[in-house]
Amino acid sequence: MLSFLKEHKFKFIGYGLLLIIGIIFPIVSPNRYYLTVATLGFIYAIAVYGLNLIVGYLGQLSLAQAGFFGLGAYTSGLLMLKLDLNFWLALPLAAIITTILAVLVGLISFRTKGHYFVILTLCIGVIINLVIEKWDSLTGGVRGLIGIPLPNPIGPLEFKTLESQYYLVFVFLLITIYVMNRISSSLLGRTFRSIRNSEDLASTLGINVMYNKLLGFAIAAFFTGIAGALYASYIRFLGPEISTHHLTFEFLLFLLIGGQATVAGPLVGTLIASVITESLQFAQEYRMVIFGLMLILIVRFFPGGAVGEARKLKVKVTDFYNRRKAGNYPSGPGAGSSKGKLGVPSKGESHVTKN
Amino acid sequence: MDLFLQQIVNGLTLGCIYCLVALGLTLIYGIMEVPNFAHGHFYMIGAYVTFFMMTLYGLNYWLSAIIAGIVLAILGVLLERLVFHPMRHTPATNKFIAAVGAMLFLEALARVLWGSDYRNIPSVYDNVVQIAGIRTTEQKLIIIIGAFVLMAALYVFIKKTLIGSTIEAMAQNRDGASLVGIDVNRVAMLTFAVASLLAAAAASLSGPIFLVYPGMGNIIIMKAFVIIVIGGMGSIPGAVIGAFILGMAETMGATYISSSYKDIVAFAILVLILSIRPSGLFARGVR
Amino acid sequence: MLLKTEHLTKNFGGLTALNKVDFEINEGELVAIIGPNGAGKSTFFNVISGFYRPSSGTIKFMGKEITNLETHNFARLGIGRTFQTTHLFTDSTVLDNLIIGYRSKTKMGFFDAIFYSPRSRREENMCREKAEEILDFIGLLEFKNYPVANISQEAAKRLAIGLALVTEPRLLLLDEPAAGINHGETTNLANLIKKIQQSGITVCLIEHKMKMVMNLAEKIMVLNYGTKIAEGTPKEVSENERVIEAYLGGVEHA
């Protein structure tokens with residue numbers, strides 16, 4: 001047990017810090033405004049965790065995610081407004097409906113590959129957005145949905161205050177992080193990563209690529225739907241713009257800032273982006289100018305994101321210490337006898353060649 | 001019947017604009033394998049340049065259009081050099097994200113510089129003309145004629161010049177075993193220049209009948225993607241055919257089905273096509 | 001008989017890459033496929049490992065027709081393969097590479113993962129043990145914690161074979177295993193291939209290094225322009241008129 005603790009030292013420290021900071025933040029927060037920013041940030045972070053699963057772990061750039069977010073939000077909002085459903089029923093229903101739609105979308109879109117997949121999911125996102133915008137009688141069209149109820153109380157727990165809403169969202173965030181961490185460190189996460197690395201190789205190992213992509217897509221949509229439902233009852237107003245591809249791009253930016261295919265990345269990225277946004281208050285219209293540039297600079301120079309680059313740095317530092325300790329770094333098997341390192345094929349290309 | 005013929009002209013007009021934008025997109029995709037998300041925003045900037053040349057400097061419409069073309073060609077080359085060229089060996093996803101970044105940047109920049117107002121390029125040719133019983137405006141005729149002249153020019157450029165035929169060969173056959181000794185850099189820059197110029201031309205031509213605003217590139221870029229997916233990504237004739245199919249489908253859909261859902265038509269067509277043929281309508285199947 | 005193809009044909013557009021190939025591999029054999037470049041060898045591999053669907057013809061494996069199965073089912077039935085360009089999961093360690101190879105033998109799913117069920121723990125251990133067993137077999141156990149990017153090309157080749165072995169194949173397809181490595185390493189690799197055969201796995205390889213093929217293979221099929229032109233023992237094949245002609249006529253110097 002002790003060795004287990006030692007091995008996962010950083011993880012435990014990370015979780016402990018997250019828990020402590022998360023709990024005391026409302027108490028120490030200098031003003032209530034920061035609390036609203038943090039709550040919204042956590043909601044987005046849940047959606048970004050979904051995106052991370054599909055983009056980071058499975059390597060499939062799905063641009064329909066804001067569509068799913070909008071779908072979850074509108075489903076929950078409509079269920080509560082029009083059918084008077086309890087929040088605790090509307091939220092899981094919204095997540096499940098989003099998941100079912102995502103599976104249908106996945107069945108179509110995972111038959112395509114590469115750029116076709118990206119463009120197809122983008123178009124599906126646009127369709128969801130246009131349907132929300134044009135289906136006036138149901139969704140209120142461009143006027144939106146107004147007056148979505150607060151989450152219903154659980155026994156004595158009420159969600160009328162900002163603090164209680166913050167803690168509610170925080171609990172959902174913790175659940176999300178836990179699930180993502182479990183996926184990431186299990187065989188399932190390995191399976192997803194192997195598909196990102198090389199679909200061809202994964203399928204020669206007997207991995208059902210289509211099934212696993214669908215599974216990842218469904219899990220991602222489930223959490224994105226939850227995020228949408230939380231958003232609906234937190235902001236209490238919904239407009240069609242929450243389902244546009246612009247929001248997908250923001251999620252993507254958050255993910256890239258934090259680091260894709262890492263467990264901490266989505267939260268770190270969303271928080272960093274929120275801080276930047278808030279510190280740019282004086283020049284709100286410059287926000288996307290800066291974010292657009294950031295997106296380019298990150299993929300060009302820091303594709304690992306904050307967490308990924310920090311990890312790389314850690315590897316370098318450990319390597320440096322190991323060298324100093326051991327005098328020299330042990331060389332690989334048969335190193336020097338061959339042409340040095342192997343030429344590695346780049347990701348995302350097919351290596352099945354006809355002669 | 002009159003309405004139908006009228007709609008054919010409208011569909012043709014729309015198809016022409018789509019065609020000019022989609023041709024650039026497919027050329028860039030063919031050469032660089034970059035789905036250039038910023039292409040629609042080049043179209044937007046082209047419209048703004050034309051607008052300001054005419055309103056601020058009082059230049060003539062045609063001269064403004066030519067200046068817009070030159071400015072955009074330079075911008076295109078800059079984008080290629082600064083973003084896509086350094087990233088040419090990175091995974092496809094990264095290039096795509098960079099293109100998205102360029103797109104967000106350009107749109108936000110336009111908002112900052114020029115505001116979010118809707119503007120209109122002053123129309124010099126808004127007389128109604130009647131040809132064979134069809135009523136239309138001079139501007140629409142200019143769009144159709146202008147687009148066909150540009151397409152013809154592109155055709156001549158591709159078929160009759162060495163560098164043009166190189167672009168075509170590279171676009172259609174990326175392995176390009178027979179293309180040893182080609183200056184890939186020059187081809188890439190030229191492709192971006194030509195493609196951006198076409199986007200500017202589409203904007204100048206359509207500016208007088210459409211509104212000019214920072215987000216105007218968003219819908220057109222997605223439709224251009226739909227078109228090149230229909231036509232097979234990288235295919236030049238495919239882009240032309242796809243553009244006219246979409247232009248007609250949208251116009252007819254808006255007239256005879258529902259005008260509020262007309263924008264969905266394009267995306268629904270794409271989803272339908274890719275559901276049936278996952279690698280596009282004209283792609284050669286492998287497996 | 002382990003694998004049998006009948007009239008196997010594959011067209012790419014107008015090009016016939018594989019033309020009515022009949023071929024049999026018996027259990028426990030070590031067979032090789034040779035032929036000039038562009039003869040259709042890799043296409044044949046890609047078809048019998050489920051990567052390409054044949055245009056016509058059938059594939060039978062252990063008496064069952066598998067022609068139209070999906071790729072991953074070929075692997076699950078026991079056809080393992082390597083690729084011409086060494087194919088590994090480049091951003092993980094040697095051990096991690098092999099662990100995922102055993103995934104198809106495990107059953108844990110999403111709920112096992114989130115609840116950390118006994119099954120998920122048991123299966124993770126199974127995968128790890130299997131991976132170490134194979135690492136030992138291919139002689140890379142001591143390097144298990146190395147990043148794949150830091151091992152030599154020859155080790156990477158062995159690891160790629162190991163990855164195919166983790167899936168517990170009955171038939172192992174090796175696509176040019178000795179390409180790009182030197183003479184001494186080729187000998188080591190040939191020994192490994194022999195060892196694999198002795199452990200009871202049927203091996204079929206594509207190889208350009210003739211000396212290795214002649215020493216190793218019990219049966220050879222020769223392809224030229226997608227057509228089988230000869231089949232037999234190394235001695236028979238090397239004396240076959242059509243084979244000599246194909247090799248002399250071609251550009252390829254074997």
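Nothing in this text is a laboratory measurement; each read-out follows from the coordinates by a stated rule. Worth saying up front: this structure is predicted, and the values here are computed from it rather than measured. No Cβ is skipped: glycine too gets one built from the backbone with ideal geometry, and neighbour counts run over all protein chains shown.
Taking a ≥ b ≥ c as the square roots of the eigenvalues of the Cα gyration tensor, the protein assembly as shown is classed as oblate, since a/c reaches at least 1.5 and a/b does not exceed b/c. A Förster distance of 45 Å, applied to the separation of the beta-carbon atoms of A:K82 and B:A153, puts the FRET efficiency at 0.20.
Where both bridge residues fall in the protein assembly as shown, DSSP classifies roughly 65% of the beta bridges as antiparallel. The modelled label-to-label distance between B:F4 and B:I219, using points 7 Å beyond Cα along the C-beta direction, is 2.7 nm. Close amide-amide hydrogen proximity is noted between B:V212 and B:R119, B:N120, B:I121, each under 5 Å apart and 5 or more residues distant or on a separate chain (H modeled in the peptide plane; Pro and chain starts excluded). Note on B:K160: aspartates and glutamates with a C-alpha under 19 Å away, same-chain residues under 8 apart excluded, are B:E168, B:D183. Listed by chain and number, the lysines whose C-alpha is less than 23 Å from the C-alpha of A:K82, apart from same-chain residues fewer than 8 away, are A:K134, A:K160.
Peptide C:114-124 is shielded by partner chain Cβ atoms: per residue, an average of 2 of them sit within 10 Å of its Cβ.
Spatial offset of the range B:234-257 relative to the range C:65-112 amounts to 43 Å, using the alpha carbon center of each.
Rounded to the nearest whole Hz, the Karplus-based 3J(HN,Hα) values (6.51 cos²θ - 1.76 cosθ + 1.60, θ = phi - 60°) of the range A:80-86 follow the sequence 6, 6, 8, 10, 6, 6, 5, with x at glycine and proline. Counting DSSP beta bridges in chain C, what percent are antiparallel, to the nearest 5? Once the DSSP bridges in chain C are tallied, antiparallel ones form about 55 percent. Summary value for the range A:29-245: 45 percent relative contact order, contacts being C-alpha pairs under 8 angstrom separated by 6+ residues.
Sort out for me the Cα centre separation of the range A:63-142 from the range A:195-248, rounded to whole Å. Rounded to whole Å, the Cα centres lie 11 Å apart. For the peptides A:202-215, B:267-280, residues were scored by their other Cβ atoms within 10 Å and the scores averaged per peptide; the highest-first order is A:202-215, B:267-280. The relative contact order of chain B comes to 38 percent, based on Cα pairs under 8 Å that sit 6 or more residues apart.
Label separation (C:R122 vs B:E138): 8.5 nm, computed from points 7 Å beyond Cα along the C-beta direction.
For the segment C:69-81, counting C-beta atoms of other chains within 10 Å of every residue's C-beta and taking the mean gives 4. In chain B, helical runs assigned H by DSSP with n ≥ 4 each contribute -39500 (n - 2.57); averaged across all residues and rounded to the nearest 500, the mean residue ellipticity at 222 nm is -24000 deg cm²/dmol. Summed over qualifying helices (DSSP H, 4 residues or more, each -39500 (n - 2.57)) and divided by its residue number, chain A shows a 222 nm mean residue ellipticity of -23000 deg cm²/dmol. The separation of the range B:1-49 from the range B:123-168, counted between C-alpha centres, amounts to 12 Å.
Annotation for the range A:151-199: trypsin sites (Lys or Arg not before Pro) lying in DSSP loop with at most 15 further Cβ atoms inside 10 Å of their Cβ are A:K160.
Peptide C:84-93 is shielded by partner chain Cβ atoms: per residue, an average of 6 of them sit within 10 Å of its Cβ. Taking the number of Cβ atoms within 10 Å of each Cβ as an exposure proxy, the fewest-first ranking of C:E6, A:E158, A:E199 is A:E158, C:E6, A:E199.
Cross-link pairs exceeding 26 Å in C-alpha to C-alpha distance, out of A:K213/B:K95; A:K314/C:K144; C:K157/C:K219; A:K113/C:K60; A:K314/C:K105; C:K20/C:K60, comprise A:K113/C:K60; A:K314/C:K105.
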